[in-house]
1. Which of the peptides 135-143, 177-185 is most tightly packed, and how do the rest follow, judged by the mean count of other Cβ atoms within 10 Å per residue?
2. From the protein chains alone at 1.4 Å, what is the descending order of accessible area for Leu109, Leu196, largest first?
3. Run through every distinct alpha carbon pair of the stretch 251-328 and return the Kirkwood hydrodynamic radius in angstroms, one decimal place.
4. Which three numbers, in whole Å and largest first, are the semi-axes of the equivalent ellipsoid of the stretch 33-147 derived from its Cα gyration tensor as √(5λ)?
5. Once ligands and nucleic acids are excluded and a 1.4 Å probe is used, how much of Glu81 is accessible, expressed in Å² to the nearest 10?
6. Please report the orientation-averaged projected area of the stretch 106-148, defined via the convex hull of its C-alpha atoms, in nm².
7. Take the residue pairs Lys63/Lys85; Lys160/Lys310; Lys63/Lys252 and return only those whose Cα atoms are more than 19 Å apart.
8. Tell me, in nm to one decimal, what length is gained between Glu154 and Asp226 on full extension, where the rule is 0.36 nm per residue of separation less the Cα-Cα distance?
Amino acid sequence: MAGLYEVGQLMLEAAKRSDDVRDVVPEPARPVVVNDDAVRTALAQHLSRISGSRTEIVSFGRKSSGFSWITYAFIARSAAEADRKLILRVGPPSGLFAPYSVLPQVYALRALANSGVPVPALVSAEQDGAEIGFPFFICAHVEGDVPAPWAASELDPDHKRAIARQFVEILASLHRIDPGATPFASLKQEEQRAELRAISGWRASLARPTARYYPLLDWGGRWLHDNCPQPPRRTIVHGDYRIGNFIEHERKITAILDWELTHLGDPHEDLAWAMMPTFNARSRKLYGVLERAEVIDLYQRASGIAVSDKSLAFYEAYALYQAAAIQMCAVRAFEVDRFNDMRLAVMASQMPSIVRAFERALEAAA
């Protein structure tokens with residue numbers, strides 16, 4: 001089985017490839033535009049082929065959520081079976097993390113089906129995207145809403161507390177899973193730890209000529225690489241576990257989304273990322289209701305993993321470093337690769353506050 005895609009390795013390759021090209025091509029190439037009508041036509045052909053029955057695509061539309069993959073919601077209709085509400089996600093060539101791989105999403109959805117971690121059911125996926133033209137995967141639609149942290153005040157505190165506790169308990173369930181019994185088993189004998197490879201990838205991304213230079217990020221990236229703690233155990237790490245990456249329906253989390261950064265690593269990484277104020281409407285409390293100590297206590301009891309203050313401090317610093325690198329990827333995608341999403345352009349304004357927070361986190365971790 002092919003090894004799981006790791007964002008660090010991909011970023012290293014993407015940075016080298018894209019900057020090498022721009023050394024010889026003065027002007028950026030015209031971006032490849034994802035044409036919705038063409039995608040819809042190709043999608044119908046793909047589903048007709050894999051189902052063996054002519055399939056019509058109904059109520060096809062692009063969703064605005066997410067900054068990376070392009071997401072479409074639609075209904076697949078055929079004479080052979082009842083209408084199916086499905087989701088298509090496409091990796092655009094000029095997107096935030098281009099070039100894309102569907103492997104982490106596919107491995108995660110397959111590995112976690114019928115586990116204690118709710119995920120959408122995988123329908124189909126293609127890495128080469130021969131039929132649609134881009135890497136893509138299709139999964140079942142899950143009823144519910146994606147909670148937005150900035151709208152959290154509209155929910156009553158008991159509602160938010162119930163969801164926040166589920167959120168922590170599901171993370172504990174993920175970290176209890178034995179990777180050896182899943183497709184992730186192929187990663188156990190890797191020569192370099194995934195977190196070190198990811199740090200190297202973010203460092204390479206920030207070092208590209210088209211990225212703004214921040215001396216603290218340069219020094220901090222080296223420090224993170226040289227001081228990365230050993231994990232208490234190797235677990236499946238989501239990589240982007242936060243408020244906004246799950247679906248809630250009738251006060252229950254029905255699906256955890258966005259597994260593109262998943263890997264085997266240190267469980268402290270997910271815990272630190274989830275508690276970042278950025279993802280909690282700038283509150284120091286998870287979802288604005290759970291105190292840090294309460295989150296850690298609940299997680300430890302549910303996972304059986306003792307949380308190390310030192311490791312958590314390290315990954316809180318790493319979370320901010322990764323956030324800074326993602327902001328720069330977003331700015332590059334907009335300014336250089338011409339990805340047409342104004343939200344990416346706005347991200348540059350967040351860099352000063354992230355860098356200041358990273359400096360404080362580094363001091364705490366050291």
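1. 135-143, 177-185
2. Putting Leu109, Leu196 in descending order of accessible area: Leu196, Leu109.
3. Taking every pair of different Cα atoms in the stretch 251-328, averaging 1/r and inverting gives 13.7 Å.
4. Values: eigenvalues 80, 70, 41 Å².
Semi-axis lengths for the stretch 33-147 are 20, 19, 14 Å.
5. 80 Å²
6. Hull-based average projected area comes out at 4.1 nm².
7. Lys160/Lys310; Lys63/Lys252
8. 21.6 nm
The values are calculated or read from the model by the stated rules, or taken from the named source; none is laboratory data. Being a predicted model, the structure only gives us computed values, none of them experimental. With ideal geometry, Cβ positions are generated from the backbone for all residues, glycine too; neighbour counts draw on all protein chains shown. Areas reflect the complete protein model, heavy atoms only, side chains present, ligands, DNA and RNA absent. Shrake-Rupley method; radii C 1.70, N 1.55, O 1.52, S 1.80 Å.
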